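Visitor: Okay, handing you the structure first.
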Amino acid sequence: MCGSEVGQGARACPRCGMPPPRSVWSIVAVVLAVIAIGAGTVWIVWVSWSSHQARLAVTGSAEPPRDPPPAKPAALEVTSDKLHLDYTANEVAADQRYRERALRVTGAVRAIRRDVFDEPYLELWTTSEFETVDARFGRAWADELARINVGDHVAVQCIGTGMVLGSPRLRSCSVQEVKR
């Protein structure tokens, strides 16, 4: 700015402290970089938009196609007595067979109760006088369970949760069938 000549390697004018003027090529490089970044952004937006439009034209939906949900394995069929006998014989082997698996358990109703959390459950008969299979339901099932009587034969679909105090326990149950 002051008119002094500044060497090519100098960072500032020794006289006034101003940086040396930039060369035309450095300005061209900055302009080309900005153009390239802008062109890249426009290209990405265009590709995304055209993909969206193509999906709309083919499927009628802007959502990408989803994989179908995995097929649920069929529930393992077992009677309440067999479940109890298996757990009594070998709890570890029974856990490997029944725990965290979908089960369809059939048996006769010994009692219809609520637990300390007010959740309804069925006790199903076993060959043991003192031990039952406990089928636990959510509160939404209370009306359905109210129509079941002691002695009815039921089929419930549940998830096995292991053995608690000598009784096999089932959770997330739903009533599949009731025979009076």
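The values are calculated or read from the model by the stated rules, or taken from the named source; none is laboratory data. Please read these numbers as outputs of a predicted model, since none were measured by experiment. Methodologically, a virtual Cβ is constructed for each residue, glycine included, from the backbone with ideal geometry; neighbour enumeration extends over all protein chains shown.
Visitor: Could you figure out which of (1) over 30 Å from the mean Cα position of the chain (by Cα); (2) modelled with pLDDT under 75; (3) closer than 30 Å to Glu131 by Cα isn't true of Val24?
Guide: For Val24, the exception is condition (3).
Here's the yes/no breakdown for (1) closer than 30 Å to Cys2 by Cα; (2) at pLDDT 70 or above:
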site: Met18; (1), (2): yes, yes
site: Val28; (1), (2): yes, yes
site: Val31; (1), (2): yes, yes
site: Gly40; (1), (2): no, yes
site: Val47; (1), (2): no, yes
site: Arg55; (1), (2): no, no
site: Gly60; (1), (2): no, no
site: Pro64; (1), (2): no, no
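Visitor: How about the stretch 112-136: which of its residues are hydrophobic (A, V, I, L, M, F, W, C) and either in contact with a Lys or Arg (Cβ under 6 Å, 6 or more places away or on another chain) or at pLDDT 95 or above (or both)?
Guide: Ile112, Leu122, Leu124, Trp125, Val133, Ala135
Visitor: Hey, among the residues in the stretch 97-120 that are in a strand (DSSP E or B) and free of Cβ contacts under 8 Å to residues at least 40 places away in the same chain, which one's surrounded by the most Cβ atoms within 10 Å (Cβ to Cβ)?
Guide: That would be Pro120.
Visitor: Tell me, yes or no, whether the stretch 128-149 has at least one residue that is assigned by TED's automatic domain parsing to the domain that holds Val175, under 14 Å from Ser174 (Cα atoms), more than 30 Å from the chain's Cα centre (by Cα) and not in a loop (DSSP other than H, G, I, E, B).
Guide: Looking through the stretch 128-149, at least one residue is assigned by TED's automatic domain parsing to the domain that holds Val175, under 14 Å from Ser174 (Cα atoms), more than 30 Å from the chain's Cα centre (by Cα) and not in a loop (DSSP other than H, G, I, E, B).
Visitor: Quick one: would you say Thr88 is surrounded by 12 or more Cβ atoms within 10 Å (Cβ to Cβ), polar (S, T, N, Q) and within 24 Å of Ala140 (Cβ to Cβ)? Explain how you work it out, then say what you get.
Guide: Numbers: surrounded by 12 or more Cβ atoms within 10 Å (Cβ to Cβ): yes; polar (S, T, N, Q): yes; within 24 Å of Ala140 (Cβ to Cβ): no.
No, not satisfied.
Visitor: Which residues, taken from the stretch 67-80, are among the charged types (D, E, K, R) and either modelled with pLDDT of 95 or more or touching a Leu at 6+ places or on another chain (Cβ under 8 Å) (or both)?
Guide: Selection gives Glu77 alone.
Visitor: Restricting to the stretch 150-179, and then to whatever is in a loop (DSSP other than H, G, I, E, B) and either in contact with a Lys or Arg (Cβ under 7 Å, 6 or more places away or on another chain) or not assigned by TED's automatic domain parsing to the domain that holds Val92 (or both), can you tell me which residue is surrounded by the fewest Cβ atoms within 10 Å (Cβ to Cβ)?
Guide: Val150
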